[in-house]
Amino acid sequence: MQVRPLLLVDDSALEDFEGIDTIDPNAVVVGLAPQQFNYTTMNKAFRLILDGAPLIAIHKARYYKKLDGLSLGPGPFITGLEYATDVKATVVGKPEKPFFLEALRSIGCQPEEAVMIGDDARDDIGGAQNAGMLGILVKTGKYQPGDGGKTSPPPYLICDAFPQAVDHILQKLL
């Protein structure tokens with residue numbers, strides 16, 4: 001099947017889909033796209049999925065940080081489409097294990113040789129640790145108090161900021 005996606009992605013991401021036919025969509029691809037998360041567009045995606053179109057999620061982040069504070073990510077909208085259609089999205093990015101393993105493979109690195117530093121306990125740290133990496137959670141960006149307890153296993157380490165995480169790696173892990 002030639003995939004012709006309905007792209008629910010930010011305008012800045014459209015260049016990544018250059019050359020892909022989007023006329024008469026037969027698939028739904030969802031990324032971070034606040035301007036697309038409206039009733040008309042979501043209903044169009046809903047109907048396509050009901051008609052058999054696959055639902056593909058670039059990632060399912062619950063929220064992200066903007067200058068004015070935390071904002072909903074694509075996760076709640078993808079979950080809404082899943083709920084309404086009884087279709088499970090195929091997630092191709094974080095926190096899925098294949099995403100991390102492919103990134104490591106592309107640089108010739110094994111999971112036990114890698115450390116993920118991130119501000120998202122579930123998507124960054126949980127995903128990396130499920131792929132066999134160590135995860136260091138930093139209390140910056142979208143970090144919220146209590147995030148360290150949201151993954152199993154918990155983060156290898158929690159640091160106040162990125163430089164502390166790097167210092168730890170250089171002093172303790174190399």
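Place a +1 charge on the Cβ of each Lys and Arg in the chain and a -1 charge on the Cβ of each Asp and Glu, then give the dipole magnitude about the Cα centre in debye, rounded to the nearest 20. Can you show the working numbers first?
Details: 16 positive and 22 negative charges, 98 e Å.
In total the dipole reaches around 480 debye.
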Nearest 500 deg cm²/dmol is fine: what mean residue ellipticity at 222 nm does the chain get from its DSSP H runs of n ≥ 4 alone, each adding -39,500 (n - 2.57), divided by its residue count?
-7000 deg cm²/dmol
Enumerate the calculated ³J(HN,Hα) couplings along the range 130-145 in order (Karplus 6.51 cos²θ - 1.76 cosθ + 1.60, θ = phi - 60°), each rounded to whole Hz, writing x wherever the residue is Gly or Pro.
5, 8, x, 8, 8, x, 10, 8, 10, 8, 10, x, 9, 3, 10, x
With +1 on each Lys and Arg Cβ and -1 on each Asp and Glu Cβ, and nothing else charged, work out how big the dipole of the range 97-173 is about its Cα centre, in Debye to the nearest 20.
120
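Rounded, prolate or oblate, given the Cα gyration tensor of the range 97-173, with a/c below 1.5 counting as rounded? Display every interim value, and only then the final one.
Numbers: a/c = 1.98, a/b = 1.30, b/c = 1.52.
Note, shape of the range 97-173 comes out oblate.
Find out how many positive minus negative residues lie around Val138, taking Lys and Arg as positive, Asp and Glu as negative, among other residues whose Cβ is under 13 Å from that of Val138. Before the final figure, lay out each step's value.
On the way: positive: Lys65, Lys139, Lys142; negative: Asp119, Asp120, Asp124, Asp147, Asp160, Asp167.
Result for the local shell: -3.
Restricting to the range 8-101, what percent of DSSP beta bridges are antiparallel, rounded to 5? Write down the numbers at each step before the final one.
Values: 4 of 10 bridges.
Of all bridge pairs located within the range 8-101, approximately 40 percent are antiparallel.
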³J(HN,Hα) across the range 31-43 via Karplus (A = 6.51, B = -1.76, C = 1.60, θ = phi - 60°), whole Hz, x for Gly/Pro?
x, 6, 8, x, 6, 8, 7, 10, 4, 4, 5, 5, 5
Placing +1 on each Lys and Arg Cβ and -1 on each Asp and Glu Cβ in the chain, then taking the dipole about the Cα centre, the residue among Gly148, Met1, Met42 whose Cα reaches farthest towards the positive end is Gly148
Pull up the DSSP beta bridges for the chain and report the antiparallel fraction as a percent, rounded to 5.
20
The chain: angle of helix 75-85 to the longest principal axis, Cα-based, in degrees nearest 10
40
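By average Cβ neighbour count within 10 Å, what is the ranking of 4-14, 121-131, 98-108 from highest down? Kindly include the intermediate steps, with their values, before the conclusion.
Numbers: 4-14: 16.2, 121-131: 23.3, 98-108: 13.6.
Top of the packing list down: 121-131, 4-14, 98-108.
Classify the range 27-139 as rounded, prolate or oblate from the Cα gyration tensor: take a ≥ b ≥ c as the square roots of its eigenvalues, call it rounded if a/c is under 1.5, otherwise prolate when a/b beats b/c and oblate if not.
Numbers: a/c = 2.91, a/b = 1.63, b/c = 1.79.
Oblate is the answer for the range 27-139, as a/c is 1.5 or above yet b/c matches or exceeds a/b.
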Cα-Cα over 27 Å: which of Lys88/Lys139; Lys66/Lys150; Lys60/Lys172; Lys44/Lys142; Lys65/Lys172; Lys44/Lys139?
Lys88/Lys139; Lys60/Lys172; Lys44/Lys142; Lys65/Lys172; Lys44/Lys139
Give the residue from Cys159, Ile125, Ala103 lying farthest towards the positive end of the charge dipole for the range 97-173; charges sit on Cβ (+1 for Lys and Arg, -1 for Asp and Glu) and the dipole is referred to the Cα centre.
Ile125
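Suppose R0 equals 35 Å. What FRET efficiency, 1/(1 + (r/R0)^6) with r the Cβ-Cβ distance, do Thr40 and Lys97 give to the nearest 0.05?
On the way: r = 35 Å, r/R0 = 1.00.
That gives a FRET efficiency of 0.50.
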Amide H within-cut-off set for Met116, under 5 Å, with H built and near neighbours excluded
Leu134, Gly135, Ile136
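All of the numbers you see were taken from the coordinates with simple rules; none came from a lab. Treat the numbers as computed from the prediction; the structure is a model and nothing was measured. FYI the Cβ positions are ideal-geometry reconstructions off the backbone, even for glycines, and counts take in every protein chain you see.
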